[in-house]
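The values are calculated or read from the model by the stated rules, or taken from the named source; none is laboratory data. Here the structure is a predicted model, which means the values were calculated and not measured. Here the Cβ is made from the backbone with ideal geometry for all residues, glycine too, and neighbour counts use every protein chain on show.
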Amino acid sequence: MAVTIDNSTFNPSSATVSAGSTVMWTNEQGVSHTVTAEEGTVDSSTIESGGTFSHVFDAPGTSAYHCTIHPSMTARTVERQAGRERQMRWTARRAGHWDTSATIITASADHTQSTARRSDRS
């Protein structure tokens, strides 16, 4: 996974990777930046113009990060459990009409589950 640093932004500003994946940041801007996780698990030190930094995200979770030189520059990486996943969706019929909201359950190889509720109602 590649993240570009340019125009005082991380691009993409949000990325989802499998646990164990490497993310590489490349500073394409003419000024120095850092990649520093809010929880302290990632710290690139200063990345000069044209420089790179990489990090292996080895556990599922979410890592919010920022540039310590330019604190308004923020982004996040979501690490998902490695392995095959499947999604199941349900739609319920209520009071004579179809409810277009869906509940999504993602089941991972280690049998953990996460559930999200989504609504398409206008």
Of the residues A109, A59, A92, A82, which is exposed (fewer than 14 other Cβ atoms within 10 Å of the Cβ), closer than 18 Å to M1 by Cα and modelled with pLDDT under 90?
-> A59
Quick one: in segment 1-38, which of the residues that are hydroxyl-bearing (S, T, Y) and assigned to a loop (DSSP other than H, G, I, E, B) is nearest to G50 (Cα to Cα)?
-> S32
All but one of (1) more than 18 Å from M1 (Cα to Cα); (2) part of a loop (DSSP other than H, G, I, E, B); (3) at pLDDT below 80 hold for Q87; which doesn't?
-> (2)
Considering only segment 29-41, how many residues are in contact with a strand residue (DSSP E or B) (Cβ under 7 Å, 6 or more places away or on another chain), farther than 17 Å from A2 by Cα and either of a type in the set (V, I, T) or touching a residue at least 60 places away in the same chain (Cβ under 8 Å) (or both)?
-> 1
Only listed residue being free of Cβ contacts under 8 Å to residues at least 40 places away in the same chain, more than 17 Å from S72 (Cβ to Cβ) and surrounded by 16 or more Cβ atoms within 10 Å (Cβ to Cβ), chosen from S54, S49, S44 | S44
